[in-house]
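Below you'll find the structure I mean.
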Amino acid sequence: MSVTVNTEVQQVGRWEPDSRGRLREAAFELYAERGFDQTTAAQIAARAGLTERTFFRHFADKREVIFAGSGLLQEQLVRGVAEAPDGLGALEAVGHGLQAAASLLGQSRRDLAAKRQAVLAANPELRERELSKLAGYAAAMAEALRHRGVADPHATLAAEAGTTVLRVAIEEWVNGDRERELSTLVEESLAQLRAVTVGS
């Protein structure tokens, strides 16, 4: 999900800036035009003006274009929970993790995030993988909560709720008011969750 800027040497011997970013943008354009299943790594590289070999330096396969940065995102979530101030409740600690993730994701281009969401919506297999990633985030945050002394089921419930808050906030970020920052939407979604919990 994050946009990484890097450089590499092309076969012609000149520096090509942001190869990874160009490949991601080309991929999302082609996924929208042709569909995910009909797009190949070679076509993505050609659209980006790069070689297929360069594509595979950055991504293991065309699915990884969709899920690039997921490991870093999980690290941010866990670090945010672990570094939350002492004495906070489980959901408040998760909130710190979500804000750390929002800080990372907020650096991404919103239009690319919207294209990513569209590809996921159109592909059941990719949606299933996305759900698996979300489950991994929840499990990692739950473990971080346990290290803070939060027992189950509170740790699991707070972490699962947190991933739902993150998903809802991201959807609002890419589909709603373009002036609002992801961190604000995360905060509002957390507040709405608390209101629902108290109201019930």
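Read-outs throughout are calculated quantities, based only on the coordinates presented, and are distinct from any laboratory measurement. Remember, predicted model here, so these are calculated numbers, not experimental data. All Cβ positions, even for glycine, are placed from backbone atoms using ideal geometry, and neighbour counts span all protein chains on display.
Over what distance in Å are the Cα centres of the range 39-77 and the range 129-200 separated?
27 Å
May I ask for the longest run of the chain untouched by GluC sites (Glu not before Pro) that are loop-located per DSSP and have at most 15 neighbouring C-beta atoms (other than their own) within 10 Å? All intermediate terms of the calculation are to be shown ahead of the outcome.
Details: sites that count: E83, E179, E181.
Formally, the longest exposed-site-free interval is 84-178.
Can you give the convex hull volume per residue for the Cα atoms of the range 127-200, as a whole number of Å³?
108 Å³
Using only DSSP helix segments of four residues or longer, with each worth -39500 (n - 2.57), what per-residue ellipticity at 222 nm results for the chain after dividing by its residue count and rounding to 500?
That calculation yields -23000 deg cm²/dmol at 222 nm.
Could you list H147, H154, H58 so that the one with the fewest beta carbons within 10 Å of its beta carbon is first and the one with the most is last?
Numbers: H147 11, H154 15, H58 20.
The most exposed by this proxy come first: H147, H154, H58.
Could you work out the relative contact order of the chain, using alpha carbon pairs under 8 angstrom and six or more residues apart, expressed as a whole percent?
Reported as a whole number, the value is 19 percent.
Run the simple label-point estimate for A114 and F56 please: 7 Å along Cα→C-beta, distance reported in nm.
That separation, rounded to one decimal, is 3.5 nm.
Among the helices of the chain (complete DSSP H runs), which have Cα atoms covering no less than 27 Å along the helix axis and a Kyte-Doolittle mean of at least 0.0?
The answer, listed by residue number, is 154-175.
Starting from the Cα of E181, step 7 Å along the direction of its Cβ; do the same at S103; then give the gap between the two resulting points in nm.
Each label point lies 7 Å from its Cα, and together they span 1.1 nm.
Which one of L126, L145, L73 has the biggest mean-square fluctuation once the chain is modelled by GNM with Cα springs under 10 Å?
L126
With a 10 Å Cβ neighbour count serving as the proxy for reagent exposure, in which order, fewest first, do F36, F28 appear?
Listed from fewest to most nearby Cβ atoms, that is F36, F28.
Can you give the extra length, in nm with one decimal, that the chain gains between H154 and A195 once fully stretched, where that is 0.36 nm per residue apart less the Cα-Cα distance?
Gain on extension, H154 to A195, equals 13.0 nm.
How long is the range 69-199 along each principal axis, judged by its Cα atoms, biggest number first, in Å?
Result for the range 69-199: principal-axis Cα extents of 39, 30, 29 Å.
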